[in-house]
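Here's the structure we're looking at; comments come further down.
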Amino acid sequence: MARTEVLIAGAGPTGLVLALWLARQGIAVRIIDRSAAPGATSRALAVQARTLELYRQLDLTQHVIEHGHRVPAVNLWSRGRRAARVAFGSIGEELTPYPFLEIYPQDEHERLLIDRLRGLGVAVERRTELSAFTDTGDGVRARLRTPDGKEEIGEARYLAGCDGARSTVREALATGFAGGTYRHVFYVADIEGAGAALDGELHIDLDEADFLGVFPLAGAGRARLIGTVQDERAEHPESLRFEEISPRAIRHLGLTIGKVNWFSTYQVHHRVTGHFARGRVFLLGDAAHIHSPVGGQGMNTGIGDAINLAWKLAEVLAGHADESLLATYETERIGFAQRLVATTDRVFTFVTAQGKVADLLRTRLAPPLLARALSLASVREYLFRTVSQVMINYRGSPLSAGAAGEVHGGDRLPWVAGEAGDNYAPLAAITWQVHVYGRASERLREACAQQALPLQSFPWSPAHAAAGLARDALYLLRPDTYVALADGAADPGGLARYFSERALRPRAPR
């Protein structure tokens, strides 16, 4: 009987990031997948700024940037004309080290994660399927079907269901999957060609009855097209060829298709499960929530789930936290998933709605209104914060406490760089840590030393004030880099109370 600490079902980006984060922290993991090999094609493309920030902990960020494609702007088109252009750099350059959208296809992404896992001695067990499991109260007993068709019993302290929209784990937990399926059929095509919309930027056409997104890929003239299949063509999508899709939106964007490397059709769903956790079993990524491709949020949200759960599992398994810490995974992630599905549903419904009124709104009224709204810096910044996921916070979590300046417990730490130093540089370490912007008292230094808490002290700068940080305040950061405690008085006693009240015992960084 094989035993491990965490059994992960599903080797997509969510499961692979969870395995990599845990393995980096010395946690024994086993990751299985029913497929014979990693995917060779993918629909997920976008790596958002917040994911790139978090990937510094796994030493992945630089590789993704160097091997992907940096998208500097998004363009909205209507009736064959460019209606609006939004440049990312001018909006997010003071918000994040990564003020752009990074295109890094899921198949390449998975290969990178698999390679890094292999370097830690962890291999994905292919053609291995989870057929059933039982939560025994002090562990999980899983029945596995191995590549040779035989049955194996495996044991783990915890089970993570990262097994996609048709999750076996979710079905066994009977947590439901409320939502629905859009009636539209979509196509995705990897193409090579030429034209105005193949300039390395993202282009979205809001045309009459058609939707088309042109996502640039690394390499000149390469792009991923995502669009709607219209009319009677949608009745039998399984036999559809690229040559049979409506050419109107492609023509309006001035595209000339030279080569189609691959083509597929699919339907889009919008669903969220009722619970992200039951006992010792957790649901992450598409097993917990699926939504439209609007905004490139899906893969990034699953990765966020994985990092949120990973540090909590690591603390509990290392004996530095009570199991009650694991209950905060659902508390922190389910609300965000529900809001995300609702938001992408509204946007998706608007851009794909059919009929004369919908066409009038989308092609005649919306473009000038959007252009006017996007001319406002506040609107552009809000849009960037939302899409890049830097706006995500856990203010309502039991793990979040206090406020100092404009920063509350549960917030993402504001990024500040320049003469004051890069305050995100220490966040590459997976550990609890304390930040002070200004002067750290001797009492606070002693308290941090006693609790094995790294203390990062940055000379006060006007840039810190502009970012909303308070001078000489204490900011306790969780291992996933979110603010746990913000204390304007920088009271060492408050630091001790925070850990004591939550039965947490920080461990030295690995």
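Observations on the structure shown:
- Note on the stretch 128-186: enclosed strands (runs of 3 or more DSSP E) holding 2 or more residues that are under 22 Å from the mean Cα position of the chain (by Cα) are 151-161.
- Restricting attention to the stretch 308-342, the residues being over 24 Å from GLN451 (Cα atoms), surrounded by 15 or more Cβ atoms within 10 Å (Cβ to Cβ) and among the aliphatic types (A, V, I, L, M) number 4.
- Screening ARG145 on (1) in contact with a Gly (Cβ under 8 Å, 6 or more places away or on another chain); (2) charged (D, E, K, R); (3) over 30 Å from GLY258 (Cβ atoms) shows it passes everything except condition (1).
- Criterion applied to ARG145, ARG170 was being touching a strand residue (DSSP E or B) at 6+ places or on another chain (Cβ under 7 Å), at pLDDT 95 or above and under 14 Å from SER35 (Cα atoms), and the one residue passing it is ARG145.
- Breaking point among (1) under 30 Å from GLY304 (Cβ atoms); (2) modelled with pLDDT of 95 or more; (3) of a type outside the set (D, E, K, R), for GLN451: (2)
- Output for the stretch 421-451, where each listed residue is crowded, with 17+ Cβ neighbours inside 10 Å, touching a strand residue (DSSP E or B) at 6+ places or on another chain (Cβ under 8 Å) and not in a loop (DSSP other than H, G, I, E, B): PRO426, LEU427, GLN433, VAL434, HIS435, VAL436, TYR437, LEU444, CYS448
- Residues satisfying the stated conditions in the stretch 280-338, i.e. assigned to a helix (DSSP H, G or I), under 20 Å from GLN25 (Cα atoms) and among the aromatic types (Phe, Trp, Tyr): TRP311, TYR329
- Out of PRO414, PRO492, PRO454, one residue alone is under 20 Å from GLU315 (Cβ atoms) and surrounded by 14 or more Cβ atoms within 10 Å (Cβ to Cβ). It is PRO454.
- Enumerated helices (runs of 4 or more DSSP H) restricted to the stretch 1-102, each holding at least 2 residues that are hydrophobic (A, V, I, L, M, F, W, C): 13-24, 49-54, 61-67
- Residue within the stretch 110-121 that is part of a loop (DSSP other than H, G, I, E, B) and either surrounded by fewer than 17 Cβ atoms within 10 Å (Cβ to Cβ) or at pLDDT 95 or above (or both) present: yes
- Answer residue from the stretch 299-348, given it is under 17 Å from VAL387 (Cα atoms) and of a type in the set (Val, Ile, Thr) and is modelled with the lowest pLDDT among those: VAL347
- Of note, GLY296 does not satisfy the criterion of being at positive phi, in contact with a Gly (Cβ under 6 Å, 6 or more places away or on another chain) and in contact (Cβ under 8 Å) with a residue 12 or more places away in the chain.
- Residue within the stretch 235-257 that is at pLDDT 85 or above, part of a strand (DSSP E or B) and either more than 23 Å from ASP33 (Cα to Cα) or more than 30 Å from the chain's Cα centre (by Cα) (or both) present: yes
- Qualifying positions in the stretch 456-475 - in a loop (DSSP other than H, G, I, E, B) and of a type in the set (Ser, Thr, Tyr): SER461
The values are calculated or read from the model by the stated rules, or taken from the named source; none is laboratory data. Since the model is a prediction, treat every value here as computed from it, not as a measurement. Glycine also receives a Cβ, built like all others from the backbone with ideal geometry; neighbour counts cover every protein chain displayed.
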